[in-house]
1. Carbon-plus-sulfur fraction of the accessible area of the range 122-250, 1.4 Å probe, in percent?
2. Working out 0.36 nm times the residue gap between Ala83 and Leu216, then minus their Cα-Cα distance, what length gain in nm do you get to one decimal?
3. If ligands, DNA and RNA are left out, what is the accessible area of His209 with a 1.4 Å probe, given in Å² to the nearest 10?
4. Please compute one quarter of the surface area of the Cα convex hull for the range 173-229 and express it in square nanometres.
5. Please report the spacing between the Cα centers of the range 1-74 and the range 196-250 in Å, no decimals.
6. Cα axis of helix 121-130 to longest principal axis of the chain: angle in degrees, 0 to 90, nearest 10?
7. At Glu34 and Ala242, where each label point lies 7 Å from the Cα along Cα→Cβ, what is the point-to-point distance in nanometres?
8. Please report the accessible area of Glu145 (heavy atoms, 1.4 Å probe, ligands and nucleic acids excluded) in Å², nearest 10.
Amino acid sequence: MSRLLLINPNISDSVSDLIRAEAQRSASANTSVEVLTAPFGVAYIETRFEALIGAYATAQLAAEHHERFDAVIVAAFGDPGLAGLREALPCPVTGLTEAALASACLLGHRFSIVAISQRIRAWYRETVEACGLASRLASIRGLDEPLADIGSVQADQGDRLVALAERCVADDGAEVIVLAGAPLAGLARSLRGRLPVPAVDGVSSAVRHAESLIALQPGRAARGSFAPPPAKPHRGLPAAIARLLDRPVS
């Protein structure tokens, strides 16, 4: 049995419920899923600074709980803290953005991202660039009004999200739509047949890619930029994070 830990870097329990539901729908029968919610932070991440906070909350939970799991998923679009966790954790780590973009690249050449806000677009664009896929990004379009309830975005804004996706296809040349953000978990499943191009979801993509990484057993980096952090003095860190830093490099 594979054991997956999905960490919501935001404090919204309603979003964690959406993540859990889609992860359980997507997982193989022999995969168990657990979702943890950040103990501190913001309701949903839109900015680089909020991502910084979410990354630390994710690191704390990952350090405390990773030993019970075969892979860890950063369950927020933008993947806050993903690269650092990949250095420190002994198990495979992926995130919603990385996994969704990987899925999109298997379905078409140019993809567009549909997001829950305008402000979030700059951070998303930088995340795509960090993945080396800027040349394949057709556009990022986002909702342009305040969100009444982050947990009910799909119900409250469903028609607007579909309209944004259709504009990405008609005006921007998108061949795949990436529905971005944990609050949209499961929306791609419900839109099958409503859009003229494939749509992918970060949670379902991350679960399936994590299962593949577990099955592949590729080993862990002992050299290069993703080798574990070198041992050095530290202070003031939570005990679980300190243990990760003190882990011998094999």
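The values are calculated or read from the model by the stated rules, or taken from the named source; none is laboratory data. Here the structure is a predicted model, which is why all the values come from computation and not from measurement. Every residue, glycine among them, receives a Cβ derived from its backbone with ideal geometry; neighbour counts consider all protein chains shown. Heads up: the accessible areas ignore ligands, DNA and RNA and are worked out on the full protein's heavy atoms, side chains in. Shrake-Rupley method; radii C 1.70, N 1.55, O 1.52, S 1.80 Å.
1. With neighbouring chains kept in place, the figure for the range 122-250 is 51 percent.
2. 45.9 nm
3. So the heavy atoms of His209 present about 50 Å² to solvent.
4. 6.4 nm²
5. First find each Cα centre; the distance between them is then 13 Å.
6. So the inclination is approximately 60 degrees.
7. 2.3 nm
8. The accessible area comes out at roughly 70 Å².
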